[in-house]
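Following: one structure in structure tokens, then a few remarks.
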Amino acid sequence: MAMPLAADLIGALPGPALLIGKSQRIEAANAAAEGLFGAGLLGRHYAVAIRQPSILEAIEAVQGGAASANARYLARRDGRDTTWKAQVKPIGDTFLVTLEDLSATEEVDQMRRDFVANVSHELKTPLTAMIGFIETLQGPARDDAAARARFLATMQREAQRMHRLVEDLLSLSRVEATERMRPRDTADVALTLASVLTMLAGKAEEAGVTVQFARPDKPVLINADPDQLRQVFSNLVENAMKYGAQRVELHLAESEHIPELRRPGVVVDVIDDGPGIDSMHLPRLTERFYRVDTHRSREVGGTGLGLAIVKHVVSRHRGRLRVASSEGEGSVFTVCLPREP
Ligand code: ADP
């Protein structure tokens with residue numbers, strides 16, 4: 001059997017790869033390498049073709065006798081920044097340069113860093129307030145009964161805020177942990193909606209909100225996790241009440257063919273007549289800690305995680321979440337769930 005040519009081997013590699021010969025010229029390069037460094041690499045001096053100081057240094061190190069050398073390389077591709085790890089290795093009297101795209105890993109890392117920074121910030125605000133009040137109670141307000149009662153009430157509010165945040169973080173991580181597992185339980189969506197409304201009846205009355213739901217007279221069964229479903233609808237109904245609706249309406253419909261899912265399932269609309277949401281915010285609404293108005297969200301006890309939890313639960317159930325809203329016109333949050341995910 002004939003030995004494969006270096007060019008064939010390089011061409012078969014999935015990532016960008018090129019081979020530099022003794023003459024310092026590029027002897028083989030695959031299409032991915034041309035995509036990264038530009039077309040027409042063959043036969044050119046490597047320093048002219050690559051022009052990336054970090055990679056050139058790595059090549060020189062290996063030419064100088066190193067067993068291998070790595071370099072990081074930032075490139076702009078298709079309008080976005082990408083990060084690559086280049087590895088240079090000697091093979092006989094040639095040098096093999098391969099590159100690995102690290103962008104996806106870097107993106108996940110960046111998201112994790114942002115998330116930790118956000119959580120820390122969200123916890124720090126109430127914590128700082130509480131520390132301030134504790135110091136005042138230990139010092140200047142030690143013998144002031146009226147101030148004590150007032151400060152304790154505020155401290156309780158701040159502690160509850162931290163408690164809600166921690167609860168939502170735990171819910172989010174529980175949902176994420178089950179995201180790849182198919183729900184095995186059966187849930188009655190009609191019963192779930194009714195129990196969410198019973199649970200929120202006190203809050204609705206306090207806020208002067210009327211809630212309507214024409215509950216079907218027989219169970220509407222789907223394959224779903226009942227606790228997670230309850231959480232989805234309580235987050236949506238609570239949001240409608242928190243953000244200024246006077247009237248909230250729930251619609252539940254069964255369908256033998258939901259177009260988005262191409263399967264039978266249920267469609268639940270949570271409709272409110274509140275202030276609505278400007279369309280520019282809609283694409284980012286389900287991101288963690290994204291709020292249209294942070295101050296208002298905090299004031300009404302929001303954590304910024306409610307819709308992120310909704311999105312994850314719906315996606316675990318292979319369903320869809322749709323939001324239709326415009327400023328001043330109220331909002332409709334629609335959840336489609338397949339009968340069987
Ligand atoms: P929060 O805890 O802040 O309510 P969510 O993730 O539940 O966080 O919602 C994100 C943001 O979406 C809210 O801060 C609010 O600005 C907006 N929002 C959600 N539901 C509604 C609604 N029914 N009407 C108006 N704005 C809403």
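The values are calculated or read from the model by the stated rules, or taken from the named source; none is laboratory data. In this text the structure is predicted, and so the values were computed from the model without any measurement. Heads up, the Cβs are rebuilt from the backbone with ideal geometry, glycines too, and the neighbour counts pull from every protein chain shown. The accessibility values were calculated without ligands, DNA or RNA, using every heavy atom of the protein model including side chains. Shrake-Rupley method; radii C 1.70, N 1.55, O 1.52, S 1.80 Å.
Just so you know, in segment 292-322 the residues that are within 9 Å of the ligand (Cβ to nearest atom), more than 17 Å from the chain's Cα centre (by Cα) and not in a loop (DSSP other than H, G, I, E, B) include one that is surrounded by the most Cβ atoms within 10 Å (Cβ to Cβ), and it is Ser297. Within segment 261-268, identify whether any single residue is of a type outside the set (Val, Ile, Thr) and either in a loop (DSSP other than H, G, I, E, B) or within 12 Å of the ligand (Cβ to nearest atom) (or both), and answer yes or no. Within segment 261-268, one or more residues are of a type outside the set (Val, Ile, Thr) and either in a loop (DSSP other than H, G, I, E, B) or within 12 Å of the ligand (Cβ to nearest atom) (or both). Answer yes or no: is there a residue in segment 199-210 that is farther than 23 Å from Thr303 by Cα, assigned by TED's automatic domain parsing to the domain that holds His317 and touching a strand residue (DSSP E or B) at 6+ places or on another chain (Cβ under 6 Å). Yes, segment 199-210 contains a residue that is farther than 23 Å from Thr303 by Cα, assigned by TED's automatic domain parsing to the domain that holds His317 and touching a strand residue (DSSP E or B) at 6+ places or on another chain (Cβ under 6 Å). Segment 69-173 holds strands (runs of 3 or more DSSP E) entirely within its bounds, and those carrying 3 or more residues that are at pLDDT 95 or above and not small (Gly, Ala, Ser) map to 80-91, 94-101. For segment 133-179, filtering for residues that are open to solvent by 50 Å² or more (accessible area, probe 1.4 Å) and over 27 Å from Val119 (Cβ atoms) leaves 10. With respect to (1) under 23 Å from Leu102 (Cα atoms); (2) assigned to a loop (DSSP other than H, G, I, E, B), the lone exception for Gly35 is condition (2).
Got a number for residues in segment 43-60 being farther than 16 Å from Ala28 by Cα and over 41 Å from the mean Cα position of the chain (by Cα)? Talk me through it step by step, then tell me what you get.
So in segment 43-60, the residues farther than 16 Å from Ala28 by Cα come out as 51-58, 60.
Checking the rest, the ones that are also over 41 Å from the mean Cα position of the chain (by Cα) come to 60.
Looking only at that region, the number is 1.
For segment 180-198, the count of residues that are over 27 Å from Glu254 (Cα atoms) and exposed (fewer than 13 other Cβ atoms within 10 Å of the Cβ) is zero. Inspect segment 217-226 for any residue being more than 14 Å from the ligand (Cβ to nearest atom), assigned to a helix (DSSP H, G or I) and not assigned by TED's automatic domain parsing to the domain that holds Leu123 and give the result as yes or no. Yes, segment 217-226 contains a residue that is more than 14 Å from the ligand (Cβ to nearest atom), assigned to a helix (DSSP H, G or I) and not assigned by TED's automatic domain parsing to the domain that holds Leu123. May I ask you to verify whether Met130 is surrounded by 11 or more Cβ atoms within 10 Å (Cβ to Cβ), of a type outside the set (Gly, Ala, Ser) and closer than 17 Å to Gly304 by Cα? Judged against the criteria, Met130 is not a match. As a summary of the residue check, Gly276 satisfies the conditions (1) within 23 Å of Asp168 (Cβ to Cβ); (2) near the ligand (Cβ under 8 Å from one of its atoms) except for the one numbered (1).
Checking each residue in segment 323-341 for being within 22 Å of Asp225 (Cα to Cα) and within 11 Å of the ligand (Cβ to nearest atom) picks out only Phe333. Within segment 247-291, the set of residues being out of contact with any strand residue (DSSP E or B) (no Cβ under 7 Å at 6 or more places or on another chain), closer than 24 Å to Glu206 by Cβ and open to solvent by 40 Å² or more (accessible area, probe 1.4 Å) comprises Pro275 only. Evaluating His281 against the criteria (1) touching a residue at least 12 places away in the same chain (Cβ under 8 Å); (2) more than 6 Å from the ligand (Cβ to nearest atom); (3) more than 27 Å from Pro219 (Cβ to Cβ) leaves one unmet condition, (1).
Conditions tested, residue by residue: (1) open to solvent by 60 Å² or more (accessible area, probe 1.4 Å); (2) touching a residue at least 12 places away in the same chain (Cβ under 8 Å).
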| position | (1), (2) |
| --- | --- |
| Ala49 | no, yes |
| Ala61 | no, yes |
| Tyr73 | no, yes |
| Arg77 | yes, yes |
| Lys89 | yes, yes |
| Phe95 | no, yes |
| Asp101 | yes, yes |
| Ala104 | yes, no |
| Asp114 | yes, no |
